[in-house]
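Report on the following structure.
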Amino acid sequence: MRFAATIHSSNSDLLSLINDILDLSKVEAGQMDVQFAPAAVDSILHTLKQTFAPVAESKHLAFVTEHGENVPQYFVTDSQRLLQVLRNLLSNAFKFTERGSVTVTVQRAGDDALRFEVRDTGIGIAREKQDMIFQAFQ
């Protein structure tokens, strides 16, 4: 049962990757649709934990999800897009981390905003390369 769930999850991740590629084309063409709806913070963290726990285990890394103080139970977002971004960040974090940990934290960022943060103990990105890497997403 566990292996079937892992296979299903991997297939879903592959489909998600294909959709990410298609979405990037939409972003570049200025045709991205955003679907706002209420989302549960714990559900998002659980989904990430479920997806990346096997990766963390296979690489002998700690995978931590942190829920900051005063974070509301629900918030309004495009869950699909948020998960898409977080999965991409986590995939890179796990890819470039050989030992230590990967952490996802959600915190309050003002009265009506949340901040999701992905931290790792990997090699990092050289400061002079950061602007080039993230330029397409500005």
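The values are calculated or read from the model by the stated rules, or taken from the named source; none is laboratory data. Because the structure is a prediction, the values reported are computed rather than measured. Neighbour counts run over all protein chains shown; Cβ positions are idealised from the backbone, glycine included.
Overview of results
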{"item": "Residue that is nearest to residue 33 (Cα to Cα) [pool: residues in the stretch 86-133 that are free of Cβ contacts under 8 Å to residues at least 12 places away in the same chain and of a type in the set (A, V, I, L, M, F, W, C)]", "result": "113"}
{"item": "Condition check for residue 120: among the charged types (D, E, K, R), within 30 Å of residue 76 (Cα to Cα) and either modelled with pLDDT of 95 or more or in contact with a strand residue (DSSP E or B) (Cβ under 6 Å, 6 or more places away or on another chain) (or both)", "result": "yes"}
